[in-house]
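Below is one structure, written out as structure tokens; comments come after it.
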Amino acid sequence: MSHMPIAVEPAIAGRTGEIVPDLVLGTRIHTGFGPAGRTVATVWATCLLLALAYPQALSSWLDDFEPNPVVDVAQSCVGRLIAVSESLGAARLSGAVRDLGKTIVRKPD
């Protein structure tokens, strides 16, 4: 019986100095967010939507602070946020909803 030596190499060979080779596991994209990461992203997205829906609240809140360079920069950013909100139409929509809510909960005279 003849015996033929066969060299066996690993299916995934890593480069020298590489701890874990890059693996492609199917077509699913793994973002690396766990439950805490998704929660943080949800909270930030909610804050962004609230800021876009009612940027005047941020502006009036910043007006309560003593004038200083940080507040000046923040007010400049809020001014840009108001412009973005108005261009998207979010400010008009949230204003209409806010006015409707005020008429519903207003006490009769």
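The values are calculated or read from the model by the stated rules, or taken from the named source; none is laboratory data. Quantities reported herein were computed from a predicted structural model and do not represent experimental measurements. Every residue, glycine as well, gets a Cβ built from its backbone with ideal geometry; the counts of neighbours run over all protein chains shown. The area values use the complete protein model at the heavy-atom level, side chains included, leaving out ligands, DNA and RNA. Shrake-Rupley method; radii C 1.70, N 1.55, O 1.52, S 1.80 Å.
Total residues in the stretch 40-57 satisfying the condition of being touching a residue at least 12 places away in the same chain (Cβ under 8 Å) and open to solvent by less than 60 Å² (accessible area, probe 1.4 Å): the figure is 4. The residues of the stretch 30-39 that are open to solvent by less than 50 Å² (accessible area, probe 1.4 Å) and outside any helix (DSSP H, G or I) amount to a single one, Gly34.
When the stretch 68-78 is filtered for residues that are loosely packed, with under 12 Cβ neighbours inside 10 Å and either of a type in the set (Gly, Ala, Ser) or modelled with pLDDT under 90 (or both), only Ser76 remains. Filtered by the rule that a residue be assigned to a helix (DSSP H, G or I) and exposed (fewer than 10 other Cβ atoms within 10 Å of the Cβ), the stretch 79-96 gives a lone residue, Ser87.
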